[in-house]
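Notes to accompany the following structure.
Please treat every number below as a calculation from the coordinates, not as lab data. All values reported here derive from a predicted model rather than from experimental measurement. Backbone-built Cβ (ideal geometry, glycine too); neighbour counts: all protein chains shown.
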Amino acid sequence: MDLDIRKRELVKEFSPMLTKSTLTSKIWIGILIAVIATGLLAFVLQVVKGHEVTGMRDNVVWGIYIINFIFFVCLSYSGAFISGILHFFKTPWKNAVSRIVEIITVLSLIVGPIFILLCIGRLDRLHYLFLYPRIQSPITWDIIAIMTDLVGCFIYLYLTFIPDFAILRDNSEDAPNWRKKLYRFLAIGYYDTETQRKTLHKLTRTMSAMVIALAIVAYSVLAWIFSLTLQPGWNSSIFAPYFIVAGLYSGIAVIIIAMYLIRKFYHLEHYIRKIHFTSAGIILLIVSMLYGYFTFSEYFSRWFSHKISDAHLLETLFGKYFWQFILANYVGVLLPVFILFFKKLRTIPLITFASVVAILGLWLNRYLIVVPTLETPYLPIQDTREEFVHYTATWIEWSLSFAGVAAFILFFILLMRLVPIIPMSGIIDYERDQDSKKHKVSTQN
Amino acid sequence: MKSKLFTYFTCTMLFGLLLSFGVQAQINLDDYKILYKFNTTKQVDNTRLLEVSFVARNNEDKTDILPLYGADIIFYNEGDSNDVKLGTVQTDQEGFARLVMPADYKYITDAEGYINLKARFKSTDALPSKSKSLAVKDLFLELVCEEIDSVKTVTLRAYALDSSMTKAPVEELDVIFSVGGMISRMPFREETLEDGEFEFEYEANVPGDKDGNFDLYAFIDDNDDFGTVLVSAKTNWGTFNKQVQAKKNTLWSDVAPIWMYVVLSILLLGVWANYVYSAFNLLKIRKEGKAIEDKK
Amino acid sequence: MKEDKDLPQENSSRRNFLRLGLLAGGAAVTGFGINALAQEDEKPALSGEKVRVLTPDGKMVEVDASSINNYPEALITPEESRKGIPGKKFVMVIDLAKCKNARKCVESCQKAHKLDTNEEFMKVQLIQDNPEASAYWLPKPCFHCDEPPCVTVCPTGATFKRDDGIVLIDNDRCIGCKFCITSCPYSARQFNWGHKDKFDDKSQPYSPETSVPAAEGTVMKCDFCPDMLREGKLPHCATACPMGVIYFGDRNEDIVTNGSETVRFSELIADRGGYRHLEHLGTKPNVYYLPAVNRQFPLERGFDIEPEILERYKDVPVVEEYLKNQNS
C-alpha cells in the first residue's frame, strides 16, 4: 500500500465533510445560533437585573446552573476516562469513535464551567479566586482540577489531531488558502518520520494514562463539593464513586447518541459500524447496572435507617418529586438495561433510544441530588414565600441551559469542519498494521 | 384685580402650608403623662452624678414613650438662705440630663449633714414646670482587697459626716458586692454593714481577664440617706486558667493543615511536569519538521 | 386724583384686610388638611435613622439618631475586622422558657442593620421536638460556631472566624458562590439576590462589623454586633428583648448578662441544663439554649402576630389546630 496514495484517497473521501455545507446543516446551525442568542439575552438580563430573575432563593441557592455544571463536567470526565482506556489498551475498533469521545471531553469541559460562572453572584470579583485562594475549600480544589484537566484534555486532543493536520496539509491543493495556512501551522512540522511518530505515540500513551487518573481525581473532587458538607442527602461516603459511575453512564450514552447522529448525517456507515454500537451498548449495560446498584445503595440505606433528616428528604423525593424520581432512577436505569440485555433488541436505533433515556434520567438524577436536599434542611424552613420554600427554574435558567447544549453542539459541528471526525491517521495505522500482519503470515508461509 | 387676588391666594397658601409643616404632628399632650425623675449616684471616682429622666408616657399604650429633648434642667444645691446653681444641662435624645460634679466639690449641707439637691425645669407654654428635690448624705466608702495570712479578705468601711463634720461609721447599710464584667456587674454577695465595717473572705472564683485581674465593686442601691453609691477596687484574684486558644492549621483557619499543601503540590507538580514534558517534545517534533522542510 | 383715591382706598384697605384674613385662614386650613392627609397614622414610620422626641414646646419632632459610632475614628476596616477584640470569647445564651415570640429581637436587629421586613438575621422558629413535646419558640441567630463549616468551604476567605469567636463576612471579598449557605446546617445565612437602593447608601463606611451597607450578590448573616461590643454594650437583640431571653457575654470572664440580670455563664448552663443545637454535627456552636421548662407564658400568646408571619408555622401541629379553630 502506498502511503501517499492512500492518504490522498482519504482526504478526498473526507474533505466534503470539511468543506461542503448542505441546506440541512445551514438550517441546523441557524437554529443553534438562535438558541444561543436567546441564551445570551437571558445572560445579559441576569447580569443587569441580578440573580433575582432566576428561581434560586435563600434556601435552594443552587439550581439548574449547578446541575448543568455537574452534568457537563461528568460527560467530560467520562469521555476522558473512556478515550484514555481506548488508547491505553489499544482496543481494536477504537479508531472510529476515539475522536468523537475526545471532542466530547474537551467541549463539555468548556461548556460546563460556564454554567458555574452563571451561578456566581459577583462575576466582577472572579479573580479573587486566584488572589486569595483557600486551599481548604472544595471549590478551590475543583478549580484547580478543572483547569488542570482542561489543559490536559486539550493537549491530548491536539496530539491526536497532529497526524491528521499533517495529512491534510500535504493533500489539500484545492482547499482555500486560509485552510492551507491553518493546517500548516497546526501540523507543527509533523512528517510522519520514525522519530516523530515514536515521540507522538509515546506522548499520547502517557497522556492517555494521565487523563484517566485526572478524570477520576477531578470528578471525585466535584462530588466532594457535596459530600463533604453536613447536609442530609449529601453527606454520603459513596458520593465520589457514585458520581464517577454516573459520569460513565451519561458519557457512554452521549457517545452513542453522537455516533448515531454523525453516522446518519455524514453517511459514515462504513466506519461507524454496528460493532461499535453493540460494544458501547454492552458497556452501557454494565455501567447502568452499576449505576442502578449505587443509586439503590444510596437510597436504600437512608430508607432503612430512617434518620429524621433522611426521612424528610425521602418524603420530599417520593412526594413532590415522585415522577421525576421514577423516571430518573427506575425508568432511567431499567429501560436501558432491558433493551441492552437482549441480543435481539440491540439494534442501532434501539440502543440510541436507550441512550437518550439514560441521559434524561441522569440529568433528572442530578436535579434530584441537588435540589431536594436544599429544600429539606435540618431546621425547618418556616417561610411563607413560595419561591423560598420550593425551587422552580425560570425561563432565564432554562434558556441558558438550552443555550449551553446548543453551544456544545455548535462547537462540535465547527470542529468537525476543521478535522475529519474519523481520524485518518488512525485508518492508515490500522491498515498498516493489517498489512504487516498479512506480510508476516505470507512470509511465514 | 384677578391676578392680584391670585398672587395673594398662592402666597398665603404657601405660607399656610409652611406653617403646618413647621408644626408637624400636633400631639395631644393630654394623652401623655409627664414622668420626671431625679436621682444621684456617687461614682467610683468619687464624682457625683446628678441625673434627671424626663419623658412623656402614653396613658393607653404604656410602651409609647416620648423622651423630652432639649429641655433645660437646672441643678441646684439648696442652702439655708439661697440655692447654689450647680449647672444647667439639656436633656438628650433619650430624655436624660446628666451633670457630673467633681469629687472635691464642697456642698452646702444642712443641720443634719444632708446635701439638698434640686433639679428644676422651667415651665413652657406647653409644659408645666417640674421640680424634684432629694437629700443625700455624703457617704465615704473604702474597699480594700488584700491577702491577710493567705486568706483573700475584702474589707469595706463606710463613713458619713455627722453634724460636727467628722467622719463617723455608718450604723446600718445594705451593700451588694459584685464583680465587674465587660458589659455589666455580676453580684455575688449581699450584706448588711454594721458599725461601718465589714470584712469577708472572698470565695467566689471568677476568672477575671487573662492576667487574673478584675474589678470588685461595692454597690449601695438607692439608699434613703445616701442615694446610690458605687466604689471599686482592682484585684488580681482571678482564676483565669487558660484562654481557649484557637487551633491553628485547621480546616477553618487561615493556614490550612500542612498535609494539604504537601499533597496538592505533589499532585500538581506531577501533572504539570508531564504537560511541560509534552510541550517540550512537541517542540522537538516541530524542530525536526522544520529541518525536513528546509531540506526540501 | 388723590381725593378720588381717598374713599375707595379706605374701603379697599379694609376689604383687602378681610380678604387677606380669609385667604390666610383658608390657606392655613388647606395646608393643615393636606398635611393631615399626608400623614396617615399618628405615629410616623421610623426610617431607622431618626428618633421621635418631644420638644419643650410640646411638639413632637423627628431628629437624627445619634450614631453610636463616631466615624472615621470608629471605623473598623475589613482588614482590621479579621482580628477580634483581644482577650474575649463571646457566647450567647437564649432562655427558651421565657421567649413568647415578641419578635422585638428580630425588629431591632433589622433596624440596626437596615434590613427589609422579610430579611431576618435573627429568625424565630417554632419547634416541636416530637409529637408529645410542647412546641417552643426558638430564636435563632448565627451560632458563630467554633468549627464552622461555612468558613471551611469559602474559596476566597470572605468569611472568617476571629480570635474572639465571632464569624464575620467581608462583603468586599465575597464572590457570591453560595457554598457557605449550602454548607451551614442551621440555615443561618442569606443572600442578596438583586440590587436594592439601600446598597448605594454611602453615609456609613462599610465594615464587616456593622454589615452595613450590604452588597448585591454577596452573603450576609447575624454578626453578634461587634460595633456595640466595642462600646461595652449588648447586641441589639439582647437589649431589645422585653423578657430578657437573650444573655450575652464573654466566656473567658464567665459572665453573661441580659441587660438586667448578670450571672455566671458556667453556672447558668450547669444549673439550667444548657445545650447546643444539633450538637452531634460537631460544629461547636457558641449559642447555648436553656430548655423550655417552666414556661412563663402559654404558647398561644405568641400567636398574636401578623397572620402572614403565623402562616409560616402552619406545619407545626399546634398552629395547624389553632388556625383551624380560628377559621371555624
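A few comments on the model shown:
- Local net charge near C:Met243, Cβ-Cβ under 13 Å (Lys/Arg +1, Asp/Glu -1): +4
- Normalised radius of gyration (Cα atoms, divided by 2.2 N^0.38 Å) for the stretch B:139-242: 1.13.
- Interchain or long-range residues, amide H under 5 Å from C:Val124's placed H: C:Lys140
- For the peptides C:149-155, A:238-244, A:357-363, the ranking by packing is C:149-155, A:357-363, A:238-244, with the highest mean count of neighbouring Cβ atoms within 10 Å listed first.
- With the charge dipole of chain A set up from +1 on Lys and Arg Cβ and -1 on Asp and Glu Cβ about the Cα centre, the Cα lying farthest toward the positive end among the listed residues A:Leu131, A:Tyr219, A:Thr352 is that of A:Thr352.
- Convex hull projection area averaged over all views, the stretch C:78-290, Cα basis, nm²: 11.8
- Simple label model, 7 Å out from Cα along Cβ direction - A:Ile308 to A:Asp2, nm: 8.4
- Note on chain B: the alpha carbon radius of gyration divided by the globular reference 2.2 N^0.38 Å gives 1.93.
- Applying 1/(1 + (r/R0)^6) with R0 = 41 Å to the Cβ-Cβ distance of A:Leu360 and A:Ala37 gives a FRET efficiency near 0.95.
- Magnitude of the charge dipole, the protein assembly as shown, Cβ model with Lys/Arg +1 and Asp/Glu -1, debye to 20: 8200
- Legend: mean number of C-beta atoms from other chains within 10 angstrom of residue C-beta atoms, peptide A:133-146, equals 6.
- If you take the Cα centroid of the stretch C:269-328 and the Cα centroid of the stretch A:1-28, the two points sit 73 Å apart.
- Added length on full extension, which subtracts the Cα-Cα distance from 0.36 nm per residue, A:Asp433 to A:Ile326: 33.6 nm
- Residue order, fewest to most beta carbons within 10 Å, for C:Met228, C:Met243: C:Met243, C:Met228
- Seen against the Cα atoms of chain B and their longest principal axis, helix B:258-295 is set at about 40 degrees.
- Modelled spin-label separation between A:Thr24 and B:Lys85, with each label point placed 7 Å from Cα along the Cα-to-Cβ direction: 10.4 nm.
- Estimated FRET transfer efficiency (A:Leu117, B:Leu29; beta-carbon r; R0 35 Å; 0.05): 0.05
- Other protein chain C-beta atoms within 10 Å of residue C-beta, averaged over C:227-236: 1.
- Across peptide A:205-217, the mean count of Cβ atoms from other chains lying within 10 Å of each residue's own Cβ comes to 2.
- For the protein assembly as shown, the 222 nm mean residue ellipticity estimated from helices alone, with every DSSP H stretch of n ≥ 4 adding -39500 (n - 2.57) and the total spread over all residues, rounds to -15500 deg cm²/dmol.
- Dimensionless Rg ratio for the stretch B:230-296, taking C-alpha atoms and the 2.2 N^0.38 Å reference: 2.81
- With Cα atoms, 0 to 90° folded angle of helix B:2-23 axis to chain B main axis: 90
- The average projected area of the stretch B:103-179, computed from the convex hull of its Cα atoms over all directions, is 8.8 nm².
- More than 54 angstrom apart: percent of Cα pairs within the protein assembly as shown: 40
- Förster radius 45 Å - calculated FRET efficiency between A:Ile413 and B:Asn241 (Cβ-Cβ, nearest 0.05): 0.05
- Residue separation of A:Asp124 and A:Glu387 scaled by 0.36 nm, minus their Cα-Cα distance, works out to 92.0 nm of gained length.
- Cut-off 16 Å, label 7 Å out along Cα→Cβ of A:His267, residues of the stretch A:8-29 by amide N: A:12-25
- Think of each Lys and Arg Cβ as +1 and each Asp and Glu Cβ as -1; about the Cα centre, that makes the dipole of the stretch C:78-290 roughly 180 debye.
- Between the stretch A:93-133 and the stretch B:139-179, the alpha-carbon center distance in angstrom: 77
- Whole-Å distance, taken between Cα centres, linking the stretch B:91-120 and the stretch A:250-304: 91
- Distance between the pseudo-spin-label points of B:Asn213 and C:Gln204 (7 Å out from Cα toward the beta carbon): 3.2 nm.
- Each residue of the stretch A:80-96 is assigned a 3J(HN,Hα), and the resulting list reads 4, 4, 5, 5, x, 5, 4, 6, 5, 9, 6, 4, x, 9, 5, 4, 4 Hz, derived from the Karplus form 6.51 cos²θ - 1.76 cosθ + 1.60 (θ = phi - 60°), x at Gly and Pro.
- Stretchable slack from B:Leu49 to B:Lys62, in nm (0.36 nm times residue separation minus alpha-carbon distance): 1.9 nm
- Backbone N under 20 Å from the A:Trp398 label point (7 Å along Cα→Cβ), restricted to the stretch A:8-31: A:31
- Chain A gives an Rg/Rh value of 1.00, both radii derived from C-alpha positions and Rh following Kirkwood.
- The stretch A:1-135 - Kirkwood radius from inverse mean 1/r over Cα pairs (Å): 18.9
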